[in-house]
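Input: a single structure, listed below in structure tokens.
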Amino acid sequence: MRFLDRRIHLITGKGGVGRTTVTAALAKASARHGRRTLVLEIGDPEGGYSQLGRLFGHDQLSETPVRVAPNLDLAHLWAPIGHEGFLRSVLPGGPLIGSALKSKALRKFLNAAPSFHEMGVFYHLLMRLEEVAPGGGPAHEVIIIDMPATGHALALTGLPDLLLGLIPRGPIAKALRRGQAFMNDPAKAAAWVVTLPEKLPVTESLELLEGLAATRMPAGGLILNRFPHDPFDADERAALDAFMARQPVHGGLALKRIDQAQGAADRLRASTELPIVTLPEVWVDDPVPVLEQALHGAMAGGAR
Amino acid sequence: MSAAPASPGALLQRCKVIVCCGAGGVGKTTVSASLALAAARQGKRVLVVTIDPSKRLAEALGVDRNPPEPVALHPERLAALGIAAPGSLSAWMLDPQRVSDEVVHAQSRTPEEAARLLANPIYRNVSAMVAGMQEYTAVEAMHSFVLDDRYDLVVLDTPPSRNALRFLDAPERVGAFLDKRIFNLFVPGEGSVIRRVASKMLEKVMDVAFGEDTRRDLQVFFELFSQILGHLNTNQHDMQGFFRSEAVSFLLVTSPDREAVQEAFFFEKKTREELGLDLGGYVLNRSLAWSAELPMPAAVRRPADASPALASALHRLAPLAQAEAQLARTHADLARELRQRAGTGGFAWVLPRLPDGAGALEALSGLADALIDPDTRPEA
């Protein structure tokens, strides 16, 4: 699992696959490897609580990073911060910048157009990437982002090409190309697809990989979450199947899921050359520590 | 409120529109399709409108190629699914750009204006440029489907996002673009000297930030599109009362996952407190609650000739069975909690995990049966 030598990681996957939990575990593992790590969520203008924040004991996140563990900061990307940063960077000082930042109409417009809203998120990310630590070097060596549902994730990775089609010249185009230099470079950035060892999620994750490739986002690999442990040898399994056919008991579903998981993993391996990191199914209230341990190991060595 | 007992079956009889909401990955589209199938079996002419179906379900419904009009299932397929006349099942996939293009054709003052707007690069990406286009066009489509007497019932599957219910907000809030101030940003009208100086200043800002070409594209777009938004706005207003009437019901779909349940509660608060809507009930999908009463392996008498392999297998099965039984109990508790939350007028309806690879309509048959008769325990 090539993780620690890249700057940006987008954690993607359909709802219900445990994406946010995996994001939190990846962030903790990266920090434990000694990397100055920033874990981000994309701030939702509709409000509500933060799912990622709750895993670290924060109901709400803000744009200012908070330290949640040694080497680990937590924050969200917030479009208006990106808008302001962008306007400050392109406008000469004086009255022009003042009237831009004061104009409610302009702010409203930038937030009401989804692409410009995402441009704000994108620019805020760029600001974080270019931030310098007090002692030199990047403020955060590894930045991990919990990406929202598939459609939104692809909207963000596809944003530069979409907007460059509309606005091929000028400062927005320049900022987008600067972002692309990071995001589309497999040495610097990777998208990870979190999925489950079941038929439909595997199909959907393969579709998501195609979508990411279409937006020129490099893929780091797949994270096969909640993989059930198979404790039976072949004889035991045959005896058990014969027994269960006559007498249904609890545990039957577990057997079905073990078979499905194996089938799904085989199909995934046959369909992609990308690294696949398998995470165990954990029957506890807080699975983050166990997943962190597994990912800490995977980051240290190869995995497939 | 109607006096009919709260059940999915009664809901299908009473409603003209059923809206399914919930987090991503909980099986909203599956539940929507099952509801539609169940209603069609009761003799209703049903349309299911989806936003983002899985490939497999889209193929099963015949909408995988994004057809302009709803697609009716072939009579042979209907018969195979147990749907007899007058019942029928059609499906349609929402495409905001297509709906918007139709409105532009119908509502522009002249064909030249329509052509000019359709060719405008900003308009060509209208969904990416105008917040709320998905909501606007969903309501616009619902408006025409509800008036359309080809359908007795429309089942709407919403996108998996927190603002999925935004189409129920006042139109002014859906389309922040309708804001007069934004409009004036690009198409400045008359005003005081101070306002004109201020707008000249902003024009300079726009030219620097966006470039002159794009600023002009935006100007043309705003001039021509404001009228189209005005039309969408009128229908949006018309539909607000309808969505709050007894003909419409909202279902919250969730899986037993903690995160999904939290999202469902978030939606409940939104529908009830903020939007003042009547909640039909909860659908707990992929639940193990049905199997809560299965025996544990240790409690079952083993055959006298049990092999050593079976003995050790049963020994190893014990912790898995333990975890599964615990999960089944948790799911049953959750079902009870949802029933309580749904209140007297609502219901919480528990669906099992479907066999792997569900998504084809045939696989949804069991769910559709369970819908009508809540005592039917579908095969898990």
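Coordinate-derived values only; no laboratory data. Only a predicted model underlies this, so the values are computations on that prediction, with no experimental measurement involved. Positions of Cβ are generated from backbone atoms using ideal geometry, with glycine treated the same way; all protein chains shown enter the neighbour counts.
Computed from the C-alpha gyration tensor, the three semi-axes of the ellipsoid equivalent to chain A are 41, 20, 18 Å, from longest to shortest.
Report the local net charge at A:Ala173: Lys and Arg +1, Asp and Glu -1, summed over other residues whose C-beta lies under 12 Å from its C-beta.
Residues near A:Ala173 contribute +2 overall.
In this structure, the amide hydrogen of B:Val19, modeled 1.01 Å from its nitrogen in the peptide plane, lies closer than 5 angstrom to those of B:Leu156, B:Ser249, B:Phe250, B:Leu251, counting only residues at least 5 positions away or on a different chain. Residue-wise HN-Hα couplings along the stretch A:100-116, as the Karplus relation 6.51 cos²θ - 1.76 cosθ + 1.60 with θ = phi - 60° gives them from phi, are 5, 6, 7, 6, 5, 4, 5, 4, 4, 4, 4, 8, 7, 8, x, 5, 6 Hz; Gly and Pro carry x.
Applying 1/(1 + (r/R0)^6) with r as the Cβ-Cβ distance of B:Glu337 and B:Ala115 and R0 = 60 angstrom yields a FRET efficiency of 0.60. Ranked for footprinting exposure by Cβ neighbours inside 10 Å, fewest first, A:Leu166, A:Leu38 give A:Leu166, A:Leu38.
As a rough footprinting exposure proxy, the listed residues A:His83, B:His237 were ranked by other beta carbons within 10 Å of their own, and the order from fewest upward is B:His237, A:His83.
Counting only DSSP beta bridges with both residues in chain B, tell me the antiparallel percent, nearest 5.
Details: 2 of 32 bridges.
In chain B, approximately 5 percent of DSSP beta bridges are antiparallel ones.
Panel order for A:Phe227, B:Phe210, by other beta carbons found within 10 Å of each beta carbon, from fewest to most: A:Phe227, B:Phe210. Could you pull out the pairs from A:Lys174/B:Lys204; B:Lys180/B:Lys204; A:Lys14/B:Lys269; A:Lys102/A:Lys174; B:Lys28/B:Lys180 whose alpha carbons sit more than 26 Å apart here? In this structure, B:Lys28/B:Lys180 exceed 26 Å between Cα atoms. With the charge dipole of chain A set up from +1 on Lys and Arg Cβ and -1 on Asp and Glu Cβ about the Cα centre, the Cα lying farthest toward the positive end among the listed residues A:Leu38, A:Pro114, A:Met217 is that of A:Pro114. Provide the percentage of antiparallel DSSP beta bridges, counting only those with both residues in the protein assembly as shown; round to the nearest 5. Counting only bridges with both partners in the protein assembly as shown, antiparallel ones make up about 10 percent. Summarising the label geometry, the points placed 7 Å from Cα in the beta-carbon direction at B:Arg65 and B:Ala84 lie 3.3 nm from one another.
Net charge in the neighbourhood of A:Pro70 (other residues with Cβ under 12 Å of its Cβ; Lys, Arg +1, Asp, Glu -1) is +4.
What spacing in nm lies between the two simple spin-label points modelled at B:Lys204 and B:Ser144, each 7 Å away from Cα in the Cβ direction? Going from the B:Lys204 label point to the B:Ser144 one covers 4.7 nm. Cβ-Cβ distance of B:Glu76 and A:Ala214, R₀ of 30 Å, FRET efficiency by 1/(1 + (r/R0)^6): the value works out to about 0.25.
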